[in-house]
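The values are calculated or read from the model by the stated rules, or taken from the named source; none is laboratory data. These figures come from a predicted structure and were not determined experimentally. FYI the Cβ positions are ideal-geometry reconstructions off the backbone, even for glycines, and counts take in every protein chain you see. Calculation scope for accessible area: heavy atoms of the full protein, side chains included, ligands and nucleic acids excluded. Shrake-Rupley method; radii C 1.70, N 1.55, O 1.52, S 1.80 Å.
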Amino acid sequence: MTLTTCADTVSGPLPRTPLDLLVGGNWQPTTDRFTVEDPATLSPIARVADAHEDDAQAAVAAAHDAFGPWADRSPRERAEVLRRAHELMVAEAETGALLIARENGKAWRDALGEVVYAAEFFRWFAEEAVRVQGDFRTAPGGDKTIIVDHRPIGVAYLITPWNFPAAMATRKIAPALAAGCTCILKPAAETPLTALWIGDLLQRAGLPAGVVNVLPTTRPGPVSDAILADPRVATLSFTGSTPVGKSLMASTADRALRVSMELGGNAPFLVLEDADVDQAVEIALVAKMRNGGSACTAANRLYVHASLADEFGRRLTAAFARLRVGPGADPATELGSMVSTREQRKIHDLLELAEAEGARVARTQAAPAGGAFVAPYVVHDVHHGDTLTSTEIFGPVAPLIPFDHVDEAVRMANDTPFGLISYVVSADQGQGIRIARRLESGMVAVNRGTLSDPAAPFGGMKESGIGREGGFAGIHEFLESQYIAADL
Ligand code: NAD
């Protein structure tokens with residue numbers, strides 16, 4: 001197996017982690033390899049095996065062979081592997097955080113927080129594995145007994161994005177394994193190291209060969225097509241952008257394949273008239289800047305009551321200006337770099353467009369030179385309907401839009417094809433919840449800057465997704481029910 005070594009890295013040691021494909025319990029090198037960069041320095045940090053279609057077929061075969069024996073294991077045995085994976089991940093949290101910080105660029109504290117959050121999916125689904133409930137009852141007409149059982153669906157194909165390389169993987173792997181499914185994980189090409197570390201960790205936790213296979217690739221289209229066309233694959237669980245999710249739904253329609261989709265967001269952040277401005281700024285800082293703004297949950301458009309707008313804008317600007325911007329792997333960093341110069345360019349292009357539309361773009365401090373850094377920005381004079389309010393920004397940019405009446409704020413918040421998450425800040429918790437219930441999003445955070453929890457259902461309405469991950473619903477994405485009618 002090819003491992004990272006200190007010699008592989010340019011600026012500081014990288015933890016030892018496999019760099020080959022994980023197929024059928026073996027680490028397989030490939031002739032093609034691709035380079036992973038540290039976006040803070042734009043230097044190469046590793047060369048990773050690049051999967052092709054034949055590797056995809058081998059992974060499907062391995063997952064298919066492993067499925068029967070894994071599904072036959074008792075729920076308790078499957079739970080024990082997940083429990084050990086949780087323990088290992090917590091014990092190795094700093095290793096994972098360093099891999100994430102180096103390949104993704106996010107700040108150390110976000111990277112460490114992500115690993116702890118990611119590990120919790122193993123714990124939660126270890127607990128869920130032994131609690132799947134069926135149904136046994138007499139039909140209303142009294143003519144039969146209704147028996148409903150839940151069975152693992154089979155081989156699951158899991159596609160994850162670069163912005164949470166650990167948590168998006170465990171949020172899928174853990175319920176799949178708990179349900180008795182086997183899987184193939186295809187991480188984003190920007191962040192394969194974290195996925196390979198998780199694959200290795202699961203093997204060390206005692207997972208049988210072939211139950212989890214990991215395929216980094218720079219050819220996601222052809223590799224995914226080869227996997228999804230294979231009748232041995234039973235479900236697709238995708239997290240990423242809405243356009244890619246839609247195209248995968250179109251390409252799987254022929255097979256009527258079951259899909260779960262965790263897609264893009266465009267989160268509104270509502271500061272109501274009675275809000276405390278300091279508290280609102282504190283919450284906005286977390287909702288906007290956690291993960292450097294590269295989160296599907298990131299507050300994307302900040303609607304602030306007109307009576308508070310100036311004060312809120314001033315204090316948010318001051319808070320942004322105080323953030324320590326730097327390389328993710330530096331523990332003092334509060335805002336890391338973008339994942340790539342491509343993402344950096346996207347943000348700068350959006351800011352240019354906003355200026356052309358008449359917005360006042362305020363850079364709150366200078367960004368460090370030399371990497372894919374973007375300074376934190378507050379954007380004023382934005383109108384609902386402008387580009388910044390209709391595009392998922394995915395970076396440290398906060399557009400402010402004042403409103404006069406709460407009904408207008410709710411209307412603007414809902415005026416989007418997306419519906420992942422919304423935020424409400426109000427001094428009156430009851431009012432916050434009443435407004436939350438008028439918002440068209442799968443999740444609403446009231447007076448909080450974060451809400452993700454493995455024990456809660458994560459997912460979106462409208463074009464933000466299909467299905468839920470985590471909570472009691474998560475395991476059912478990998479189970480299908482069977483109804484048996486009997487005369488008892
Ligand atoms: P992306 O859609 O470009 O990529 C996501 C994954 O899809 C990557 O693994 C990529 O390699 C793969 N991919 C790309 N083209 C493909 C193809 N033709 N066939 C198969 N796979 C393909 O998204 P991204 O830029 O990596 O991530 C950012 C997006 O993800 C944002 O829109 C964000 O909101 C969304 N996201 C959503 C959630 C959620 O839970 N709803 C969580 C995190 C990120």
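Put simply, of ALA205, ALA156, ALA188 the only residue that is of a type in the set (Gly, Ala, Ser) and crowded, with 24+ Cβ neighbours inside 10 Å is ALA156.
Looking at region 398-409, is at least one residue under 20 Å from ARG324 (Cα atoms), in contact (Cβ under 8 Å) with a residue 12 or more places away in the chain and open to solvent by 10 Å² or more (accessible area, probe 1.4 Å)? Checked against the condition, which is being under 20 Å from ARG324 (Cα atoms), in contact (Cβ under 8 Å) with a residue 12 or more places away in the chain and open to solvent by 10 Å² or more (accessible area, probe 1.4 Å), region 398-409 yields no hits at all.
Restricting attention to region 64-115, the residues that are closer than 29 Å to ARG290 by Cα, in contact (Cβ under 8 Å) with a residue 12 or more places away in the chain and hydrophobic (A, V, I, L, M, F, W, C) add up to 16. Residues of region 116-138 that are within 20 Å of GLN482 (Cα to Cα), free of Cβ contacts under 8 Å to residues at least 60 places away in the same chain and not acidic (Asp, Glu): VAL130, ARG131, GLN133, GLY134, PHE136, ARG137, THR138.
Can you find, within region 29-53, the residue that is nearest to the chain's Cα centre (by Cα) among those that are buried (at least 17 other Cβ atoms within 10 Å of the Cβ) and in a loop (DSSP other than H, G, I, E, B)? Only one residue tops the list, namely PRO39.
To keep it simple, each residue is scored yes or no on (1) more than 30 Å from PHE320 (Cα to Cα); (2) within 12 Å of the ligand (Cβ to nearest atom); (3) assigned by TED's automatic domain parsing to the domain that holds ALA59; (4) open to solvent by 10 Å² or more (accessible area, probe 1.4 Å).
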position: VAL211; (1), (2), (3), (4): yes, no, yes, no
position: PRO220; (1), (2), (3), (4): yes, yes, yes, yes
position: ARG232; (1), (2), (3), (4): yes, no, yes, yes
position: GLY245; (1), (2), (3), (4): yes, yes, yes, no
position: LEU248; (1), (2), (3), (4): yes, yes, yes, yes
position: LEU257; (1), (2), (3), (4): yes, no, yes, yes
position: GLN279; (1), (2), (3), (4): no, no, no, yes
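Of THR31, THR41, all but one fail to be of a type in the set (Ser, Thr, Tyr), over 26 Å from GLY395 (Cβ atoms) and assigned by TED's automatic domain parsing to the domain that holds PRO208; the exception is THR31.
Listed conditions (1) open to solvent by 50 Å² or more (accessible area, probe 1.4 Å); (2) away from the ligand (no atom under 16 Å from the Cβ); (3) among the small types (Gly, Ala, Ser) are all met by ALA354, apart from (1). Take the conditions touching a strand residue (DSSP E or B) at 6+ places or on another chain (Cβ under 7 Å) and assigned by TED's automatic domain parsing to the domain that holds VAL81 and apply them to LEU193. Does it pass? It is true that LEU193 is touching a strand residue (DSSP E or B) at 6+ places or on another chain (Cβ under 7 Å) and assigned by TED's automatic domain parsing to the domain that holds VAL81. Among the residues making up region 154-181, those that are closer than 23 Å to ALA229 by Cβ, more than 14 Å from the ligand (Cβ to nearest atom) and either of a type outside the set (Gly, Ala, Ser) or outside the structural domain of ALA62 (by TED's automatic domain parsing) (or both) are VAL155, ILE173, CYS181.
I need a count of the residues in region 234-243 that are in contact with a strand residue (DSSP E or B) (Cβ under 6 Å, 6 or more places away or on another chain) and either open to solvent by 30 Å² or more (accessible area, probe 1.4 Å) or more than 10 Å from the ligand (Cβ to nearest atom) (or both). Don't jump to the end; show me each part of the working.
Filtering region 234-243 for residues in contact with a strand residue (DSSP E or B) (Cβ under 6 Å, 6 or more places away or on another chain) gives 234-239.
Next, from what is left, pick out any that are either open to solvent by 30 Å² or more (accessible area, probe 1.4 Å) or more than 10 Å from the ligand (Cβ to nearest atom) (or both): 234-235, 237.
Summing the residues that are in contact with a strand residue (DSSP E or B) (Cβ under 6 Å, 6 or more places away or on another chain) and either open to solvent by 30 Å² or more (accessible area, probe 1.4 Å) or more than 10 Å from the ligand (Cβ to nearest atom) (or both) in region 234-243 gives 3.
For the criterion of being open to solvent by less than 40 Å² (accessible area, probe 1.4 Å) and among the basic types (Lys, Arg), ARG342 fails.
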